[in-house]
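Chemist: Attaching a single structure in structure tokens format; questions to follow.
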Amino acid sequence: MPSSPNHVLEFPGGYTRSVGPVIGRFLTELRDGRLMGVRTAGGRVLVPPTEYDPATGEAVTDEWVEVGPSGTVQTWSWVAHPRPEHPLDRPFAWALIKPDGADTALLHALDMGVHEAGAKPPRQLKTGLRVRPKWRAERSGHISDIECFRPEVTMITAPTRQEYTLGAGRALGRFLEGIAEGKILGHRCPVCDSVIVPMKGMCARDGVPTTEEVEVADTGTVTTFAVNNIPDPRAPEVPFVSAYILLDGADIPMLALVAGIPADQVRIGMRVKAAWRPREEWGPTMANIKWFEPIDEPDVPFERIKDYV
Amino acid sequence: MSRDIAVVAFVQTKHTAEDAGLTEPELLAPVIAEIKERTGIDRFGFTCSGSCDYLEGKPFAFVSALDPVGAWPPISESHVEMDAAWALYEAYVRLLHDDIDTALVYGFGKSSQTDVRKVMTFQLDPYYLAPLGPDQVSLAALQARAYLERAGAKEDDLRAVAARSRAAGRENPYALHLEDPDPSAGYEVAPLRPYDVAPITDGAAAIVLAAGDKARELCERPAWITGIDHRADPHSPGARDLSRSESARIAGERAGAAGVEVAELHAQFSHEELILREALKLGEDVLVNPSGGALSANPVMAAGLIRIGEAAARIHDGSAGKVLGHASSGPCLQQNLVCVMEGEPRG
């Protein structure tokens, strides 16, 4: 393809064509914002209409049928780098669209919203997608009186926000005081002897108050985990791993992030240690611990943690 | 009307991916000279060519291509603004008239001088399609999607076609020698990747047809045309099932495609080969595009004729007994021509 042509073919102002009665009717209706098809002798509705039935070659009837404006995508291609002669200057789809009530499909551009040049096909772009024309305000009786098609509205986003002032409460407040000093605290239940971290001031199993404070280690064992693919501001990257970690000395696993290891290498029984932020950044918040990282110790056999899973 | 007509000679250029600095007549001249030399014929009963003036951007550009043929005193000559496979069809029909024995057919195209993807937009319906500016690859990609979804095929199946075609092309001294497809390549127009699209190619080709004893005289093992047919689907891509090629199916049945050993298919996109194999009912035992096909060299307006020539060459060299050459034209395989050739005439 020449980058700077030295020879150009052009009809200045465009080539003039007569359209005849069938195409002319379609384009006239289009100018009025209506999508019309013509019925064949066999009863099928052709959109865009032709003077003849493509299946038989017979002349079509003079019965006109309003179709659409909604339609269904029959097949599509995705243009990640539009060309100058294309109807949109950002990535878009070409689609064959069968308007409701029609038996054939119309080729047009399908605008799938704003995508950067080179973008992959958007996930919602599928055969079967329901679409509608976007009409130009000023129409002249031309196939491009429809600027493009757009997907039907199937979703909205509703702004949602409510503000609160929450306190940690007595037991969690004490736990966070410990965290602010680099200590992980729990309570021992006077009935079942379990060490509950973080403590709640009560044993959920026995229904009794707890008061005996116990400090546990910042090392522990992964009892189960999940790989997350939705970004989270607390996680270093996607995918990230959230895991239940049974801290050494505790009897209740605690939910935390695991990092410093590829997500597909995390395993049940893996030994980990808290990665603390620098001390000067500490406050009464779990954010003091960025996440847990693997340590060089053998995995704990499942047998020894199965009761904590 | 019946007369035994055969492909007796086939010549093509070493095709190039870039402009080799030759005009169309200059590209064609050695091909015409070689086929005249090989057949020992200087004047043919009929001459017919296929080319596209839009590639050169000049009206009646094909007329200057007669210079290397030599047209004085006036010769009986015709031209189609299509792939030269359709020129071969016209020459075949002309030979059926029984008053001449030989015909020269040639096609040529330089894709390097303009944007072929856009040239192909000029062939579209000027009311509903062309004004939207859909280019050739965008339309082909619509067909690829329709085929993949209907047949349950995967994009990897497309890449396999490209890989096999390119490997075969590297063995063909006339084709472009293209690397194995890069699986990490992005989309050209999704679902097609760059290797699924035939390369921009300049080139030319010529065939000589001869009838009856003249064919036997000119060629030790003529490729007898035992069936030739071409059919068209509706032009509007929305008025037919894009996932299939009904026109290729009918042309194949009428030309007698059953039982061919080798098929040269004019598939300009990977998925077109899969659609055509299905339409022509080519089983796994049929050798498809041993030349590398259009995915390895696609000199427009000659590439379909080359398919017939490559298939005929398999008869000429004795490596096959029944072969098929296919050509297509129009958007999304709209029009298909099937030429079946055998080592023995119909009898």
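Chemist: Report A:Val216's accessible area, 1.4 Å probe, all protein chains in place, as a number in Å² to the nearest 10.
Modeler: Rounded to the nearest 10, that gives 10 Å².
Chemist: Rounded to the nearest 10 Å², what accessible area does A:His7 show when all protein chains are kept and the probe is 1.4 Å?
Modeler: 100
Chemist: Given a 1.4 Å probe and heavy atoms of the protein chains only, how would you sort B:Val189, A:Val309, largest accessible area at the top?
Modeler: The most accessible residue leads, giving A:Val309, B:Val189.
Chemist: Could you calculate the contour length gain from A:Trp135 to A:Glu63, that is, 0.36 nm times the residue separation minus the distance between their Cα atoms, to one decimal place in nm?
Modeler: 23.5 nm
Chemist: Mind giving me the FRET efficiency for B:Leu287 and B:Trp72? R0 is 60 Å, r the Cβ-Cβ distance, nearest 0.05 is fine.
Modeler: 0.85
Chemist: Counting only protein heavy atoms and using a 1.4 Å probe, what share of the accessible area of region A:29-138 belongs to carbon plus sulfur, as a whole percent?
Modeler: 46
Chemist: To continue, here is another question. Report the residues of region B:97-113 in range of a label on B:Ser2: point 7 Å along Cα→C-beta, backbone N strictly under 17 Å from it.
Modeler: B:97-98
Chemist: Just to be sure I understand the interface: list residues from region B:129-151 that lose 50 Å² or more of accessible area between the chain on its own and the complete protein assembly, 1.4 Å probe.
Modeler: When all protein chains are present, B:Leu132, B:Leu142, B:Arg145 each give up 50 Å² or more of accessible surface.
Chemist: Hey, another quick one. Find the relative contact order for region B:199-268 and round it to a whole percent, using C-alpha pairs within less than 8 Å whose residues are 6+ positions apart.
Modeler: 27 percent.
Chemist: Let me confirm one metric for peptide B:108-119, namely the mean number of other chain beta-carbon atoms within 10 Å of its residues' beta-carbons.
Modeler: What the average comes to for B:108-119 is 2.
Chemist: In whole percent, what relative contact order does region A:1-73 give with Cα contacts below 8 Å and a gap of six or more residues?
Modeler: 25
Chemist: So which residues in region B:152-191 end up with at least 10 square angstrom less accessible surface once the other protein chains are there, compared with the chain by itself, probe 1.4 angstrom?
Modeler: Listed in order, they are B:Tyr187, B:Glu188, B:Val189, B:Ala190.
Chemist: What is the distance, in nm, between label points placed 7 Å from the Cα along the Cα-to-Cβ direction at B:Asp53 and at B:Arg346?
Modeler: 3.6
Chemist: Let me make sure I get this right: for region B:114-215, a, b and c are the square roots of the gyration tensor eigenvalues over alpha carbons, sorted descending. Under 1.5 in a/c it's rounded, otherwise prolate if a/b > b/c, else oblate. Which is it?
Modeler: oblate
Chemist: Could you pull out the trypsin sites (Lys or Arg not before Pro) across region B:144-231 that fall in loop regions by DSSP (anything but H, G, I, E, B) with no more than 15 other Cβ atoms inside 10 Å?
Modeler: Answer by residue number: B:Lys154.
Chemist: Per residue, how much accessible surface does the protein assembly as shown expose to a 1.4 Å probe? Answer in Å², no decimals.
Modeler: Dividing the accessible area of the protein assembly as shown by its residue count gives 46 Å².
Chemist: Moving on. Does anyone have the angle between helix B:136-151 and the longest principal axis of chain B? Alpha-carbon axes, 0 to 90°, nearest 10?
Modeler: For helix B:136-151, the angle is close to 70 degrees.
Chemist: In region B:216-237, which residues become less accessible by 10 Å² or more once every protein chain is in place, relative to the chain on its own, using a 1.4 Å probe?
Modeler: Buried on complex formation: B:Pro234, B:Ser236, B:Pro237.
Chemist: Report the extension gain between A:Glu85 and A:Ala275 in nm, rounded to one decimal, defined as 0.36 nm multiplied by the number of residues separating them, less their alpha carbon distance.
Modeler: 62.8 nm
Chemist: Run the simple label-point estimate for B:Phe60 and B:Asp157 please: 7 Å along Cα→C-beta, distance reported in nm.
Modeler: 4.9
Chemist: If B:Val7, A:Val60 are ordered by their accessible area, calculated over protein heavy atoms with a 1.4 Å probe, which sequence runs from highest to lowest?
Modeler: Putting B:Val7, A:Val60 in descending order of accessible area: A:Val60, B:Val7.
Chemist: Of A:Gly260, A:His108, A:Gly43, which is farthest along the charge dipole of chain A in the positive direction, counting Lys and Arg as +1 and Asp and Glu as -1 at C-beta?
Modeler: A:Gly43
Chemist: Further question on the same structure: Please give the total accessible area that chains A and B bury against each other, computed with a 1.4 Å probe and expressed in Å² to the nearest 100.
Modeler: By this definition, chains A and B bury close to 2900 Å².
Chemist: Rank A:Gly173, B:Gly70, B:Leu287 by how far each Cα sits towards the positive end of the charge dipole of the protein assembly as shown (+1 on Lys, Arg Cβ; -1 on Asp, Glu Cβ) and give me just the farthest.
Modeler: The residue sitting farthest along the positive end of the dipole is A:Gly173.
Chemist: Something else: Just to verify a number: what accessible area does B:Cys48 come out at with the full protein assembly present, 1.4 Å probe, Å² rounded to tens?
Modeler: 0
Chemist: Consider all pairwise Cα distances in region A:107-188 and report the whole-number % of them above 20 Å.
Modeler: In whole percent, the share of Cα-Cα pairs in region A:107-188 beyond 20 Å is 64.
Chemist: Looking at the protein assembly as shown, what % of its DSSP beta bridges pair antiparallel, to the nearest 5?
Modeler: 85
Chemist: Right, next: Would you please name the chymotrypsin sites (Phe, Trp or Tyr not before Pro) within region A:158-253 that are DSSP coil residues with at most 10 other C-beta atoms within 10 Å of their C-beta?
Modeler: Filter output for region A:158-253: A:Tyr164.
Chemist: What is the distance, in nm, between label points placed 7 Å from the Cα along the Cα-to-Cβ direction at A:Thr28 and at A:Tyr15?
Modeler: It works out to 2.5 nm between the two label points.
Chemist: Express the relative contact order of region B:1-120 as a whole percentage, based on alpha carbon pairs under 8 Å and six or more residues apart in sequence.
Modeler: Dividing the mean separation by the residue count of region B:1-120 yields 35 percent.
Chemist: I would also like to ask the following. Take peptide A:30-39, look around each residue's Cβ out to 10 angstrom, count Cβ atoms belonging to other protein chains, and average those counts.
Modeler: If you average over the peptide's residues, the count of other-chain Cβ atoms is 0.
Chemist: With a ≥ b ≥ c the root eigenvalues of the C-alpha gyration tensor of region B:164-258, is it rounded (a/c under 1.5), prolate (a/b larger than b/c) or oblate?
Modeler: Oblate.
Chemist: What percentage of the solvent-accessible surface of region B:102-170, computed with a 1.4 Å probe over protein heavy atoms, is contributed by carbon and sulfur atoms?
Modeler: Carbon plus sulfur share of accessible area: 50 percent.
Chemist: Still on this structure: Identify the trypsin sites (Lys or Arg not before Pro) of region A:148-216 meeting these criteria: DSSP loop state and at most 13 other C-beta atoms within 10 Å of the C-beta.
Modeler: Within region A:148-216, the qualifying trypsin sites (Lys or Arg not before Pro) (loop, at most 13 other Cβ atoms within 10 Å) are A:Arg161, A:Lys183, A:Arg205.
Chemist: A 18 angstrom limit on the alpha carbon distance is what I want to check against. Which of A:Lys126/B:Lys281; A:Lys98/A:Lys120; B:Lys14/B:Lys110; B:Lys14/B:Lys214 exceed it?
Modeler: Result: A:Lys126/B:Lys281; A:Lys98/A:Lys120; B:Lys14/B:Lys214 exceed 18 Å.
Chemist: Sort region B:65-115 into rounded, prolate or oblate with this rule: let a ≥ b ≥ c be the square roots of the eigenvalues of the Cα gyration tensor; rounded if a/c is under 1.5, and if a/c is not under 1.5, prolate when a/b is larger than b/c, oblate otherwise.
Modeler: oblate
The values are calculated or read from the model by the stated rules, or taken from the named source; none is laboratory data. This one's a predicted model, so the numbers in the text were calculated from it and none came from an experiment. Cβ atoms come from the backbone with ideal geometry, glycine included; neighbour counts cover every protein chain shown. In case anyone asks, the SASA skips ligands and DNA or RNA and just uses the protein heavy atoms, side chains included. Shrake-Rupley method; radii C 1.70, N 1.55, O 1.52, S 1.80 Å.
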